[in-house]
Each structure stands twice: as C-alpha cells, then as structure tokens.
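Student: Please read through the structure below; I'll follow up with questions.
The values are calculated or read from the model by the stated rules, or taken from the named source; none is laboratory data. Since the model is a prediction, treat every value here as computed from it, not as a measurement. All Cβ positions, glycine included, derive from the backbone under ideal geometry; neighbour counts span all protein chains shown.
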Amino acid sequence: MADESAEIAQGLRRRDPDLLDRLIEQYQHRLLRYLVHLTGRRELAEDLFQETWVRVLERGRQYDGRRDFTAWLFTIARNLFIDQQRRRQVPSEDPADPDTAAARQPSALELAMQHEQSERILAGMERLSAEYREALSLRFQEGMSLEEIAGVTGAPLGTVKSRIYRGLSALEPWLKGAGL
Amino acid sequence: MNGDVHERARTLIACGEESPWLAEHLESCAACREFDGGAERTARALRAIPITAGWSLVFATQMRVRQRALELQAQQERLWAIWICCAAVTLIAGFTAAALWSGLAWMGERISLAAPVWQMSFVVFSLLPTIVTAILLLARGTHLADNEEV
C-alpha cells in the first residue's frame with residue numbers, strides 16, 4: 001500500500017499521463033459513486049469527476065505518498081463540490097421535502113436501481129442530507145475507516161460516528177419498506 | 001440515561017466497533033439487536049448499489065487530462081525561458097554596473113571630481129533606464145485610457 005502510494009506520488013510529480021490514465025480507470029467507479037452520493041445528481045457528479053482528475057494533475061505535486069491516495073482523491077472531489085456550491089449559490093433542496101423530491105427528474109441513481117432492497121435504500125439515501133449520504137457512502141461503499149472518513153470530510157471523529165449512526169437510523173424505515 | 005445507553009450501543013453498531021459491553025447489551029436489548037440486523041442489511045444493500053462510470057466518461061476525462069497536461073508542459077517551458085532571461089539580464093546588469101562604476105571612478109580621477117559627484121552620476125546612470133521605461137509605460141497607459149474613453 002505504502003509502495004503503491006509512493007509510486008503514485010512519484011508519477012504525479014512527473015505528471016505522467018500514463019499513470020493518470022491508469023488511475024482514472026482504476027478509480028472510475030469508486031469516485032463516481034462517491035460523487036453521485038455527495039451531489040445527488042449524476043450530471044453534476046460526472047462534471048466533478050472530470051474536474052477532479054484535472055485537479056489531480058495540477059495539484060499532483062502536493063501529494064506526498066504518505067497519505068492514502070483514495071482519501072486524498074476524495075478530499076479533492078469534495079473540495080471541488082464545495083467550491084462549486086459556493087460559486088453557484090444553488091439553494092439546497094430539502095431532502096425531506098416530498099414536494100421537492102417529487103418535482104425532481106428521475107436521477108441516474110433511480111435508473112441504476114436493480115435490487116428491491118437497494119432500491120428502497122437508494123430512495124432513502126436520496127432523502128438524506130448530503131453529509132449523511134457522504135458518510136454512509138464512504139463507510140459502506142468505499143469501506144473507509146472512521147479516521148479516513150474524518151480525513152476526507154474534515155469532520156471530527158465523533159461527528160463522523162454520529163453521522164453514520166443518524167444516517168443508518170434515518171434509513172431504517174426505508175429498509176423496512178415504511179419509507180416509500 | 002437509558003436512551004444514552006441505546007444510543008451508545010447503536011453508534012458502536014453503526015461504526016462497526018465491537019466491544020464486550022456491546023455484546024452484553026445486545027443479549028439483553030431486542031430493539032438494539034433489531035437495529036444491528038437492520039444496519040447489516042442496510043450496509044449490504046448499500047454495497048450492492050450499482051453505480052458505474054461509462055467508458056465515454058472515462059475516455060473524455062482521459063483526453064481532457066492529457067490536453068491539460070500538454071498545456072501545463074507548455075506553460076512550464078515558457079516559465080523556464082523567462083527564468084533564463086531573468087538570470088541573463090541579472091548577470092549582464094551586474095557586469096555593466098561594475099564596468100560603469102570603474103569607468104566613472106577613472107573619469108572622476110582624471111578630471112579631479114569629488115567622489116560624491118561621480119558616485120551620484122553612477123546612481124543617475126543606473127536608474128535612468130528604469131525612469132525612462134516607467135515614463136514611457138505611464139504615457140502609453142494614459143494614451144490607452146484616452147482611447148478606451150472614445
């Protein structure tokens with residue numbers, strides 16, 4: 001793991017395009033999944049996906065290889081999302097507001113539903129606030145440790161634990177089918 | 001107090017942390033056991049959600065990154081050229097200043113000028129290009145501003 005991170009750091013310092021091609025392919029699904037959950041919109045997630053890799057190229061020299069590359073990558077993606085939100089000043093949709101949810105176009109998340117339980121959980125996830133979605137996605141989809149999540153989100157460990165707990169609790173009715 | 005115990009247990013469950021205290025609590029608390037099962041199912045369902053990047057997105061990203069890499073490389077090369085020019089100018093300026101100093105000192109000695117006089121001449125000669133350039137730039141700026149107003 002440390003060797004791999006060091007190798008990535010070396011390649012990023014050289015701005016090696018072949019390494020970047022390989023990393024884009026290697027992290028394509030994980031990064032997109034994280035961004036879809038973070039933004040709640042597939043189109044925005046795809047824009048940010050591209051922006052993230054351009055930023056990785058530009059800021060690659062800042063990656064020293066001592067930190068896990070995945071966590072560093074996700075931090076960049078997260079910061080880009082925050083910048084984008086600040087620039088656009090988009091009024092945030094209240095995920096708990098059924099009118100807003102019903103008025104939305106079907107998202108790629110909905111299209112991607114395959115299993116019944118996943119479908120219910122997805123529906124629940126879309127109604128969670130971004131920080132809970134993010135914590136759950138990093139924990140259960142990306143398999144990150146609590147410390148890594150704290151590193152990516154910049155939140156204290158206690159807050160991360162609380163977000164995971166509250167996120168799971170909020171999904172409970174959806175799991176039972178009562179939320180639909 | 002009781003609520004705190006359940007919340008503590010559920011936070012431990014949610015975060016996947018194991019402890020003898022939690023095991024003991026789960027044995028005696030049906031609600032937290034149910035939460036434990038639900039959390040596990042939710043985690044499984046989350047892992048099963050299929051969100052994948054299409055090849056077109058990956059390809060477009062790779063092309064964009066390569067394009068940006070070329071731009072950065074060109075920028076880097078231009079920066080190198082600027083650094084080399086700066087270094088050359090500094091070197092030439094150093095040699096010129098030394099030659100000017102020696103020349104003025106020699107001339108001052110030949111025509112018996114007081115040291116402060118030829119030293120002041122050195123300062124004026126050194127600053128003259130900068131002053132002339134500044135005046136020209138200012139004049140050009142004023143000229144441009146006049147044109148913009150029109």
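Student: Tell me, which residue of region A:142-158 that is assigned to a helix (DSSP H, G or I) and in contact with an Asp or Glu (Cβ under 9 Å, 6 or more places away or on another chain) is nearest to the other protein chains (Cβ to nearest Cβ)? Before the answer, list the steps.
Tutor: Of region A:142-158, the ones assigned to a helix (DSSP H, G or I) are A:146-153, A:157-158.
Narrowing the set further to residues that are in contact with an Asp or Glu (Cβ under 9 Å, 6 or more places away or on another chain) leaves A:146, A:148-149, A:151-153, A:157.
Details: A:Leu146: 6, A:Glu148: 13, A:Ile149: 10, A:Gly151: 15, A:Val152: 16, A:Thr153: 14, A:Leu157: 9 Å.
Step by step, filter region A:142-158, then rank; the result is A:Leu146.
Student: Does region B:51-64 include one or more residues that are within 14 Å of another protein chain (Cβ to nearest Cβ) and within 30 Å of A:Leu157 (Cβ to Cβ)?
Tutor: yes
Student: Something else now. Please tell me if B:Arg64 is over 27 Å from the mean Cα position of the chain (by Cα), farther than 16 Å from A:Arg30 by Cα and surrounded by 14 or more Cβ atoms within 10 Å (Cβ to Cβ).
Tutor: Taking the combined requirement at face value, the residue does not satisfy it.
Student: Given the conditions (1) surrounded by 13 or more Cβ atoms within 10 Å (Cβ to Cβ); (2) outside any helix (DSSP H, G or I), which single one is not true for B:Pro50?
Tutor: Condition (1) is where B:Pro50 drops out.
Student: Oh, and also: Is it the case that region B:81-101 has a residue that's of a type in the set (Ser, Thr, Tyr) and more than 9 Å from chain A (Cβ to nearest Cβ)?
Tutor: Yes, the conditions are met somewhere in region B:81-101.
Student: Taking B:Ser112, is it loosely packed, with under 10 Cβ neighbours inside 10 Å and over 30 Å from A:Ile24 (Cβ atoms)?
Tutor: Values: loosely packed, with under 10 Cβ neighbours inside 10 Å: yes; over 30 Å from A:Ile24 (Cβ atoms): yes.
Taking the combined requirement at face value, the residue satisfies it.
Student: When the residues of region B:1-20 are filtered to those that are part of a helix (DSSP H, G or I) and loosely packed, with under 12 Cβ neighbours inside 10 Å, which remaining residue is farthest from the other protein chains (Cβ to nearest Cβ)? Can you show your working first?
Tutor: Narrowing region B:1-20 to residues part of a helix (DSSP H, G or I): B:2-14, B:20.
From what is left, the residues that are loosely packed, with under 12 Cβ neighbours inside 10 Å are B:2-4, B:20.
Details: B:Asn2: 17, B:Gly3: 13, B:Asp4: 13, B:Pro20: 19 Å.
Restricting to residues being part of a helix (DSSP H, G or I) and loosely packed, with under 12 Cβ neighbours inside 10 Å, the top hit is B:Pro20.
Student: Do we have A:Arg163 as more than 13 Å from the chain's Cα centre (by Cα), without any contact (Cβ under 8 Å) to a residue 40 or more places away in the chain and crowded, with 21+ Cβ neighbours inside 10 Å here? It would help to see each step written out before you state the result.
Tutor: Numbers: more than 13 Å from the chain's Cα centre (by Cα): yes; without any contact (Cβ under 8 Å) to a residue 40 or more places away in the chain: yes; crowded, with 21+ Cβ neighbours inside 10 Å: yes.
So A:Arg163 passes the test.
Student: Here's another thing I want to ask about it. Only one of B:Leu57, B:Leu26 is at pLDDT 85 or above, within 30 Å of A:Arg41 (Cβ to Cβ) and assigned to a helix (DSSP H, G or I). Can you tell me which?
Tutor: Criteria check complete, one pass: B:Leu57.
Student: Quick check on my filter: what residues within region A:18-54 are under 21 Å from B:Arg47 (Cβ atoms) and of a type in the set (Ser, Thr, Tyr)?
Tutor: A:Tyr27, A:Tyr34, A:Thr39
Student: Also: So, of the residues in region A:95-141 that are modelled with pLDDT under 85, surrounded by 14 or more Cβ atoms within 10 Å (Cβ to Cβ) and not in a helix (DSSP H, G or I), which turns out to be farthest from the chain's Cα centre (by Cα)?
Tutor: Taking the candidates together, the pick is A:His115.
Student: Let me ask you something else. Which one of these does A:Asn79 not meet: (1) in contact (Cβ under 8 Å) with a residue 12 or more places away in the chain; (2) away from chain B (no Cβ under 14 Å); (3) not charged (D, E, K, R)?
Tutor: (1)
Student: Does A:Asp47 qualify as being closer than 24 Å to B:Leu72 by Cα, under 14 Å from the mean Cα position of the chain (by Cα), within 11 Å of chain B (Cβ to nearest Cβ) and not β-branched (Val, Ile, Thr)?
Tutor: Numbers: closer than 24 Å to B:Leu72 by Cα: yes; under 14 Å from the mean Cα position of the chain (by Cα): yes; within 11 Å of chain B (Cβ to nearest Cβ): yes; not β-branched (Val, Ile, Thr): yes.
Against the criterion (closer than 24 Å to B:Leu72 by Cα, under 14 Å from the mean Cα position of the chain (by Cα), within 11 Å of chain B (Cβ to nearest Cβ) and not β-branched (Val, Ile, Thr)), A:Asp47 qualifies.
Student: On to the next question. For B:Gly103, state whether it is modelled with pLDDT under 90 and among the small types (Gly, Ala, Ser).
Tutor: no
Student: Tally the residues that are more than 10 Å from chain A (Cβ to nearest Cβ) and loosely packed, with under 14 Cβ neighbours inside 10 Å, restricting the search to region B:21-39.
Tutor: 7
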